[in-house]
1. For region B:206-215, does any single residue satisfy the condition of being surrounded by fewer than 21 Cβ atoms within 10 Å (Cβ to Cβ) and over 14 Å from the mean Cα position of the chain (by Cα)?
2. Would you check if residue B:171 is within 14 Å of chain A (Cβ to nearest Cβ), buried (at least 22 other Cβ atoms within 10 Å of the Cβ) and either part of a strand (DSSP E or B) or within 17 Å of the chain's Cα centre (by Cα) (or both)?
3. Inspect region B:59-73 for any residue being away from chain A (no Cβ under 14 Å), crowded, with 20+ Cβ neighbours inside 10 Å and either in contact (Cβ under 8 Å) with a residue 40 or more places away in the chain or in contact with a helix residue (DSSP H, G or I) (Cβ under 9 Å, 6 or more places away or on another chain) (or both) and give the result as yes or no.
4. Does region A:55-86 hold any residues that are within 14 Å of chain B (Cβ to nearest Cβ) and within 29 Å of the chain's Cα centre (by Cα), and which are they?
5. What is the residue count in region A:367-385 for residues that are at pLDDT 90 or above, closer than 30 Å to residue A:421 by Cβ and surrounded by fewer than 19 Cβ atoms within 10 Å (Cβ to Cβ)?
6. Being under 16 Å from residue B:93 (Cβ atoms) and surrounded by fewer than 24 Cβ atoms within 10 Å (Cβ to Cβ) is the filter here; which residues of region B:182-205 pass it?
7. Among B:81, B:30, which is buried (at least 20 other Cβ atoms within 10 Å of the Cβ), modelled with pLDDT of 80 or more and more than 30 Å from residue B:154 (Cβ to Cβ)?
8. Take region B:180-224 and flag every residue that is within 8 Å of chain A (Cβ to nearest Cβ), farther than 14 Å from residue B:17 by Cβ and at pLDDT 90 or above.
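The values are calculated or read from the model by the stated rules, or taken from the named source; none is laboratory data. Just so we're clear, the structure is a prediction, and the values are computed from it rather than from any experiment. Virtual Cβ from ideal backbone geometry, glycine too; neighbours counted across all protein chains shown.
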């Protein structure tokens, strides 16, 4: 990748970068036409990002695919730190997979001109998450809708609808989606993984990662610490905080939100940190030296445990659980769960397995029975089964990381006997569901007999003929 | 538009959008060498108006490149295969009721009626030839007409609100089916031109879905 850098105060030859130094470039960015792999290093005070974005677009570049690094983000006194930061960003950009029109929210501030006619700032685009229909679980799962603090997501006619103008791109839906269907092209779990991995491969010494809000103010970093930005720290689940430790970082810190756009961000981040520490402690890893409140010098050596997968992905909690070994730790922010079903309340309607976005719950009809089975290693504790269950108290999710349960794998939670159709021998419904219907119908024996003794097809046939 | 100052007037913005709708509508006409030349000239003119700074510029350019690379004869064959006869089961006609309808008989009338009603209320009349009112080309032409009226309203210092509201009515429904339609065309097109046209239409319509709301808000603020 070719870099174009602004400042004449840095000797770029000392870095291991293919840099074309163009002092003053920030004030009037000229985008080269002869390369499709370009990155920019600019001055915070001079670089007009909106202007650069327009220029890039005009020249046929996808601005989201072009890395821009501010000099303030680089430690100018240390070529090796500078190279590591640039390597991480390059690695992140390599994981960028493009955007679709649905991901770009136009921002066009309106102003009144001298003649009182409306004038608009030419557009810039804020990348926002949007559900990818090809992997959205659909079928009633509304984990993203439930997680959105801005009411920008809605479920209508069997599909997730997204109000881009109302979206603040806080990223909570991205981390809440159990199937990884919410995609913000400017920030994907794959990019986050690539960035930390890029740091790990570029830094020889033990290093720490400070996870910070991309919109919040940046503060000074200590030697051996690097910053990794997420849309908002309020989106962090506990396993994302542990994640960097399993990719090569030796310590993690989570910065305060600072942007004030999400009032409860710090509280949520704090809860996630508390749970992540409990998880490490339960795995006999001293959490205090790994997840720190204040940046510190003299970092301990690497954990010696690696993730066999992406800890930031939709199934990242399971990846982290597999890496950290036998633990049993519970709490409201647990990223996995164990489901139990109350036998005397469940009617076998299959709503839970229908809405389960990860197929952790599955309804299996076997020889006159309906079994609902559960795989703890797929459960993300999203509670969609609890919220959508029509029978109050029939299903519970215990938010807990239980590696023993995960190792056991899929097991049957409940078996329902299925009633047979008196006419064709097919399936009518689970006996428990019919009993529930009988309670609802009360004394209407005629209707009850027809509903409970004939399957849907036979009932329809009888009505027609 | 002034790229350096980074501003554009409401009227200029409406003219660019009007042109995009017009060019895209032409794309859904029967392909010929003459039409290809007209479309490419249209895209070039839009570049001159400053289309480049918008997110839909890149898909429009991809369409332009696909047009320049393909022979009009091949495109015409593919046009018939996808939008006409439906050979190989590849039919994907650019007609709204075919994509949003459940009961096709009733829905065709309902969707056509909606467009005709919109035309009547806004004072436009279509020369429909063989196309139904809910044909995408007709809808895009109607949207283009709304943008033209909107541009005039901005330029005269009047309120463009009513045109924008009508446009929103139209675009809200387009945004429901165009992305899916474009994806299907993208999968089935063997030449690439109609796939690129679908991509450009989807990008532009999704952009319009947001920008019309932004403009309505700005217009309401100005008049209020």
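1. yes
2. On the way: within 14 Å of chain A (Cβ to nearest Cβ): yes; buried (at least 22 other Cβ atoms within 10 Å of the Cβ): yes; either part of a strand (DSSP E or B) or within 17 Å of the chain's Cα centre (by Cα) (or both): yes.
Yes: the conditions hold for residue B:171.
3. Yes, there is a match, as at least one residue in region B:59-73 is away from chain A (no Cβ under 14 Å), crowded, with 20+ Cβ neighbours inside 10 Å and either in contact (Cβ under 8 Å) with a residue 40 or more places away in the chain or in contact with a helix residue (DSSP H, G or I) (Cβ under 9 Å, 6 or more places away or on another chain) (or both).
4. Across region A:55-86, the qualifying residues are A:56, A:57, A:61, A:62, A:63, A:64, A:65, A:66.
5. 3
6. Correct list: B:183, B:184, B:185, B:186, B:187, B:188, B:189, B:195.
7. One residue alone meets the criteria, B:81.
8. B:202
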